[in-house]
Each structure stands twice: as structure tokens, then as C-alpha cells.
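Asks: The structure is given below, and queries will be raised subsequently.
The values are calculated or read from the model by the stated rules, or taken from the named source; none is laboratory data. Note that the coordinates shown come from a computational prediction; the quantities given were computed from them, not determined experimentally. For neighbour counting, all protein chains shown are included, and Cβ atoms are generated from backbone atoms with ideal geometry for every residue, glycine included. Please note that ligands, DNA and RNA were not included when accessible areas were found on the heavy atoms of the full protein model with its side chains. Shrake-Rupley method; radii C 1.70, N 1.55, O 1.52, S 1.80 Å.
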Amino acid sequence: MHNDNPEYSPSILRRLNPEVLAPAGNLDTLKTAIDFGADAVYCGGKAFGMRAAPRNFSLEDFEDATTYAHQRGARVYVTCNILPDSDEVVAMNEYMGQLGEIGVDALIVTDIGVLMAARRVAPDTDIHISTQAGVTNYQAAEALAALGASRVVLARELDLPAIRMLRAHVSPELEIEAFVHGSMCMAFSGRCLISQHTTGRDANHGDCVQACRYKYHVVEEKKSGNIIPVEVTDQGSFLFNSQDMNMVEHVADVIDAGVTSLKIEGRAKSAYYVAAMANAYKCAVNEYMVQRGFENAQGQELKPLIPSEEPGDKIVLPDWIGQEPYKVTHREYSTGFYYPENPASESITKGGYINTWRWLGSVRDYRADEGRVYILAKNKITPLMPIEFLIPGARPIEYQIPDHDLWDEFGHEVPEINHPAHEFSFPCPLPLPAGAMIRAKVR
């Protein structure tokens, strides 16, 4: 549930720089991202984006999304970053013109022809260059800026010194976006043909089946006596199963290098994942801005934020922020390619996700006169269960479910909450905001 009052969470400060950019696979998740602090959200339509899924946004959804975001000081970016075939050009250009008329804030593109068409059909809409374009140097960034791009999304393979050099050689007006969290692709900047080759599903049209994460064996045909150290276990090896990225405890290094926008991967992820990660990175950036003296605790600017030639003083984050990435579904973590001495690798002994916490539901209403919280259940909640409430802009709140007085949607007492997508309530003295998430550690 979302609070339709534009003043929801008035304590959330929206910034242009450094921007926390969250993913959204549907309208509900977009609203969640904004409610939990994202300065901007990126999303895709039902065509021409790098995530092909039926739940993507319709044009009507984009209208609602843009209204919801703009009322709250946030921005909406739309992915148009496929590599289009010739028979898609006319429809794609028409689509970008429609997005421009709706008033989305930016179009994310890869193809240079799409870039030039976007300038023509949506002249008042910013153009961001997708990571799919593989921008790795300042010459490419400046050339794209000259063609009309206001932002480049860097290739994920760049380290911090390379980003710092790029920033120093491009116009200060050119925005730089970089991924800081989420799944990584084994192919350079995601330009991969494995899925299309093995299954016929084109990754460059948003339909990747993630064949790189399958379990593989390597067989030497003629020299069977040669030992090839690839088969890690008797069950095979996950040769291309890249680690996830987690930079929440290193946001200071990324911002110091000159990155304008901190991008969280995950348009196929749940609203809970988006809430937790948007909140964690937003709070980490808030700590950076205050501890470095750019803002006071109320978010008022004290001095301008400018990139530094060298890493600045260490930022000390509250422990709970560093723990948040481990409370969502993830693979083994790394710091990507930001630190040359410790580059990302692959998880070669196992595939799949690590999931030690479970999303139990969301707060729909808190009634102080009753001392009860009303929730929309998602998973089973039992008496005396230890839980956490995830709320925007603050440390999660620990709580224990009462041993009785759990009600169903009709006000009848039930022994436990065990009916997803239905409303329940239980006693709680905490004045929780609508939209707060409920979670618990998996036993």
C-alpha cells in the first residue's frame, strides 16, 4: 500500500547529486522505491528495454509513475536501450515521442541512431547513455555529450582510478552514473550472445535466460589424460556465475571519484528488495554528505559537492546499513571492479541465491487509538516471532509478534497469520508509516 499524499515521508531529501537511482519492474515497485528514498527510478516499457517481461510499464503506467514521482521531487528514467533491428526503428521512435509527451525525465539509450532520433522526437527529455554502450574513457563520454547526451552510464568494468580520470577530462555538466549494487553480467557491459545461442532468447532485446549461470562440464575430446582444473565438484562447475556487487560501505569512494548517480540493479526484483536497497544506499549517502560537511543533519547545503582528486576521509556508517544487503536475496558479494587489487569473480561451486531473510508483508495502516497495526500479509507470521519493520530513512525496528490477539480482516482472532494477500492486524505500540515492510530471519 502506498500513501497517495505527496507529503508522504517529508523528511526524505531528494538530490540531483549524488543521486540514488533505484530499479522498478512495475508501478507498485516504483512507488515503493520513491517512498523509501530513491531520488530517481529507472524502468522499462513493454518493448525496447533490456528486461522483456509482461509486467513492464504501459504508457498509462508511465503517466501515473511520472505524476507520483514529480509530486515527491523524484525523477523517472525509461530504458530504450535495446539494439534495434531495422524493422523496429519506426515503432521505437514513435514510442520515444510518446514518452517525451508524457514528461518522463530521461530516456536511456545505447544505439547511436536511437540517440539521434530521441533528440528529434523527444527534444525536452534528457538522454542517458546505457552501460550497454560500454563507455570506458573520457573521449567516448565527451563525444556522446556532443551528440546530446546529458549522462553516461559507465561500463561496469571500470575501476575507481579510471572513473576519476574520466571525470577530470569531461565537462562538469556531464553526469556520470555507475552501478553500485546487484547482479553483474559475465559479458563486457552485458553485451552477450550466450542466451541467444543456447536458447534463442536475445539478451540484447531484453530476453536473457541467464544461461551463463547454468551448471557446466568441460570435456576434452582427444587428450583425455590431460587434467583440466575446471570441474570443481562431482556435480560440475558454475564457470560463468558472476558474483553480485555490493558497494554500500564504499559509497564515499564512488562519490569522491566523481560519480553523479549511484545505480542499483534489479528491475526483476521484488518491491521488498528495492525498498531495502534504496533505503540503505540513501542512508549511506546521507551519512556521507553530513560527515564530509556538504550538508547539515537537516539536509541544508553547507558547501558545494565537488569530486576530489584523492579519496577523502573515511566515512563511518552505522552497522545496520552494512547489514542490509544481506537481508535481501543475493548471490555471493564482491565490490565489482572498483578495486583493481580485488576484482569481481565468479561463484564456481554453487548457483542460485542466498536468502536468509523473508519478506512477511507490508503495513497498510496504523491506528493509534487501537494500538494496532494493519498489514497485508505475504508470508506466514506466528505468535512470538521476532520480526523487523523496515521504515524509510531510519534503522530497522526490532519487534516481537504478540502471543495472542491476532485478527483477520473481519476482526476475528486467529492462531497465526497464514493467508497471503489478505489483511490482518496485531497489537503494536509503534506508530508505523503506511508502506513499512515486515521481515524475519529464516530459521
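Asks: Which pairs do you get when a residue that is more than 12 Å from GLU173 (Cα to Cα), found in the stretch 138-156, comes within reach of a residue that is of a type in the set (Phe, Trp, Tyr) and part of a helix (DSSP H, G or I), reach meaning Cβ atoms under 8 angstrom, with the pair 6+ apart or on two chains?
Replies: ALA155/PHE188
Asks: Given the conditions (1) on the phi > 0 side of the Ramachandran plot; (2) in a loop (DSSP other than H, G, I, E, B); (3) out of contact with any helix residue (DSSP H, G or I) (no Cβ under 8 Å at 6 or more places or on another chain), report the number of the one that GLY361 does not fulfil.
Replies: Among (1) on the phi > 0 side of the Ramachandran plot; (2) in a loop (DSSP other than H, G, I, E, B); (3) out of contact with any helix residue (DSSP H, G or I) (no Cβ under 8 Å at 6 or more places or on another chain), GLY361 violates only (2).
Asks: Pick from the stretch 1-55 the residues that are polar (S, T, N, Q) and open to solvent by 20 Å² or more (accessible area, probe 1.4 Å): which of them is modelled with the lowest pLDDT?
Replies: My answer is SER9.
Asks: So ASP234 passes all but one of these: (1) of a type in the set (D, E, K, R); (2) modelled with pLDDT of 95 or more; (3) over 28 Å from ASN137 (Cβ atoms). Which condition number does it fail?
Replies: Tallying (1) of a type in the set (D, E, K, R); (2) modelled with pLDDT of 95 or more; (3) over 28 Å from ASN137 (Cβ atoms), ASP234 fails exactly one: (2).
Asks: Which members of the stretch 112-135 meet the condition of being touching a helix residue (DSSP H, G or I) at 6+ places or on another chain (Cβ under 7 Å) and crowded, with 17+ Cβ neighbours inside 10 Å?
Replies: Result: VAL114, ALA117, ALA118, VAL121, ALA122, THR125, ILE127, ILE129, THR131, GLN132, GLY134, VAL135.
Asks: For the stretch 327-338, enumerate the residues that are open to solvent by less than 60 Å² (accessible area, probe 1.4 Å), outside any helix (DSSP H, G or I) and among the charged types (D, E, K, R).
Replies: ARG331 - this is the single residue of the stretch 327-338 that is open to solvent by less than 60 Å² (accessible area, probe 1.4 Å), outside any helix (DSSP H, G or I) and among the charged types (D, E, K, R).
Yes/no per residue for (1) aliphatic (A, V, I, L, M); (2) outside any helix (DSSP H, G or I):
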| position | (1), (2) |
| --- | --- |
| TYR95 | no, no |
| VAL114 | yes, no |
| ALA117 | yes, no |
| GLY148 | no, yes |
| VAL152 | yes, yes |
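Asks: Anything in the stretch 159-169 that is in a loop (DSSP other than H, G, I, E, B) and either charged (D, E, K, R) or buried (at least 21 other Cβ atoms within 10 Å of the Cβ) (or both)? List them, or say none.
Replies: Correct list: ASP159 only.
Asks: Could you list all residues from the stretch 410-432 that are open to solvent by 70 Å² or more (accessible area, probe 1.4 Å) and within 16 Å of TYR366 (Cβ to Cβ)?
Replies: The initial filter retains those residues of the stretch 410-432 that are open to solvent by 70 Å² or more (accessible area, probe 1.4 Å), namely 410, 412-413, 415, 418-421, 429, 431.
PRO429, PRO431 - these are the residues of the stretch 410-432 that are open to solvent by 70 Å² or more (accessible area, probe 1.4 Å) and within 16 Å of TYR366 (Cβ to Cβ).
Asks: While we're on this one: Considering only residues that are among the small types (Gly, Ala, Ser) and either assigned to a helix (DSSP H, G or I) or open to solvent by 10 Å² or more (accessible area, probe 1.4 Å) (or both), look in the stretch 240-263 and name the one that is nearest to ALA168 (Cα to Cα).
Replies: First pass over the stretch 240-263, keeping only residues among the small types (Gly, Ala, Ser): 242, 252, 257-258, 261.
Cutting the leftovers down to either assigned to a helix (DSSP H, G or I) or open to solvent by 10 Å² or more (accessible area, probe 1.4 Å) (or both) gives us 242, 252.
Values: SER242: 31, ALA252: 17 Å.
Once the filter is applied, the top-ranked residue is ALA252.
Asks: Oh, and also: Tally up the residues in the stretch 410-420 that are touching a strand residue (DSSP E or B) at 6+ places or on another chain (Cβ under 7 Å) and of a type outside the set (Val, Ile, Thr), please.
Replies: Number satisfying all stated conditions: 4.
Asks: To continue, here is another question. Is it true that GLY393 is touching a helix residue (DSSP H, G or I) at 6+ places or on another chain (Cβ under 9 Å) and exposed (fewer than 12 other Cβ atoms within 10 Å of the Cβ)? Explain how you work it out, then say what you get.
Replies: Working: touching a helix residue (DSSP H, G or I) at 6+ places or on another chain (Cβ under 9 Å): yes; exposed (fewer than 12 other Cβ atoms within 10 Å of the Cβ): no.
Spelling it out, it is not the case that GLY393 is touching a helix residue (DSSP H, G or I) at 6+ places or on another chain (Cβ under 9 Å) and exposed (fewer than 12 other Cβ atoms within 10 Å of the Cβ).
Asks: In addition: What about ASN379, is it exposed (fewer than 14 other Cβ atoms within 10 Å of the Cβ) and under 30 Å from ASP39 (Cα atoms)?
Replies: Numbers: exposed (fewer than 14 other Cβ atoms within 10 Å of the Cβ): no; under 30 Å from ASP39 (Cα atoms): yes.
The answer is no for ASN379.
Asks: Which pairs have Cβ atoms under 6 Å, sit 6 or more apart or on different chains, and link a residue in the stretch 235-261 that is at positive phi to one that is open to solvent by 10 Å² or more (accessible area, probe 1.4 Å) and modelled with pLDDT of 95 or more?
Replies: GLY258/ARG167
Asks: Separate question: Of all the residues that make up the stretch 264-281, how many are open to solvent by 10 Å² or more (accessible area, probe 1.4 Å) and either closer than 26 Å to SER308 by Cα or charged (D, E, K, R) (or both)?
Replies: Summing the residues that are open to solvent by 10 Å² or more (accessible area, probe 1.4 Å) and either closer than 26 Å to SER308 by Cα or charged (D, E, K, R) (or both) in the stretch 264-281 gives 3.
Asks: May I ask you to list the residues in the stretch 282-326 that are touching a residue at least 40 places away in the same chain (Cβ under 8 Å), closer than 17 Å to VAL180 by Cα and either open to solvent by less than 20 Å² (accessible area, probe 1.4 Å) or part of a helix (DSSP H, G or I) (or both)?
Replies: Listed by number, the residues that qualify are LYS282, CYS283, VAL285, ASN286, TYR288, ILE321, GLY322, GLU324, PRO325.
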